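*Asks:* Here it is: the structure, laid out below.
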Amino acid sequence: MLRVGWEALEQWDTDVVLGEPLTDGAGVNQVRSVRVNGHRAVARLGHRTDADLAWETHLMRHLARAGMTVPAPIPTTHGRYFAQGLVVMTYIPGRTPETETDWRRVADTLRRLHRLTRGWAQRPGWRSSTDLLHTETGTRVNLAAMPAESVQRCRAAWARLTNRASCVVHGDPNPTNIRITNDHVALIDWDEAHLDAPDLDLALPHNAAGLDHHTYDIATQARAAWDAAICWDPTATDPFAAQRLAEVRTV
């Protein structure tokens, strides 16, 4: 019998095997290894709306058709790509990026994502960084929960992105969300993907995207502000949001 919350897996395979929890790329969701129709896959269980999951799975299929290596959603036996907050995706092997050369390959992959998604619709319920110059909330962001001075600093960083062309950004290209082999660079965990300025994805180690000093400064400041805002929780013990906020210059 499947564990509580995972019963929807039977819509993919009546003999599905639920495996171990996966920490890499897990984020705010429960992510587990599964075997579906005899093949290893990854199942993610969360609380996203159907509209949100429809946007994400449509994006994944678009990128896969374009030749990018992404976790492709596996349909249920009735042809649906999600059910009851659950998505089942192909498993992608690989290691995390380590060298400057690795990160340059990551930058190339991110830029390909950006080219393939110009003109894409915003993810339902989300706001871009420049949208947050004029509103306080958007999915996991709630600027009203942050101190006023902190909001001012974040908005000053995002204001420098004004007039940038928008595209889909992965939203969290940290090493645990990247899988590299000799043949591919794969981005996993698209739970924070949304429409925004591409700079948010390009504040990479070693300045692997080759940005000039001014542009790299804009990207790193905007990225630090985004991480602080999306992770902000005044009751949490994890210091990550506060650490990222400390990297955003005062106004």
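*Asks:* Answer yes or no as to whether His194 is within 30 Å of Thr90 (Cβ to Cβ) and buried (at least 20 other Cβ atoms within 10 Å of the Cβ).
*Replies:* Judged against the criteria, His194 is a match.
*Asks:* Every residue in region 37-51 that is buried (at least 20 other Cβ atoms within 10 Å of the Cβ) and either within 22 Å of Gly138 (Cβ to Cβ) or at pLDDT below 95 (or both), please.
*Replies:* Passing the criteria: Arg44, Arg48.
*Asks:* What tally of residues in region 51-98 results from selecting those that are among the hydroxyl-bearing types (Ser, Thr, Tyr), assigned to a loop (DSSP other than H, G, I, E, B) and within 19 Å of His184 (Cα to Cα)?
*Replies:* Counting residues in region 51-98 that are among the hydroxyl-bearing types (Ser, Thr, Tyr), assigned to a loop (DSSP other than H, G, I, E, B) and within 19 Å of His184 (Cα to Cα) gives 3.
*Asks:* Please specify each residue of region 201-251 satisfying the condition of being of a type in the set (Lys, Arg) and more than 20 Å from Thr162 (Cβ to Cβ).
*Replies:* Within region 201-251, just Arg244 meets the criteria.
*Asks:* Could you please find all residues in region 106-135 being surrounded by 17 or more Cβ atoms within 10 Å (Cβ to Cβ) and within 25 Å of Asn182 (Cα to Cα)?
*Replies:* Val106, Ala107, Thr109, Leu110, Leu113, His114, Leu116
*Asks:* Looking at region 151-164 only, could you name the residues that are out of contact with any helix residue (DSSP H, G or I) (no Cβ under 6 Å at 6 or more places or on another chain), touching a residue at least 60 places away in the same chain (Cβ under 8 Å) and either crowded, with 17+ Cβ neighbours inside 10 Å or of a type in the set (A, V, I, L, M) (or both)?
*Replies:* Once the filter is applied, which keeps residues that are out of contact with any helix residue (DSSP H, G or I) (no Cβ under 6 Å at 6 or more places or on another chain), touching a residue at least 60 places away in the same chain (Cβ under 8 Å) and either crowded, with 17+ Cβ neighbours inside 10 Å or of a type in the set (A, V, I, L, M) (or both), region 151-164 yields Arg153, Ala156.
The values are calculated or read from the model by the stated rules, or taken from the named source; none is laboratory data. Everything quoted here is computed from the prediction, not taken from an experiment. Quick reminder, even Gly has a Cβ in these numbers, built from the backbone with ideal geometry, and neighbours come from all protein chains shown.
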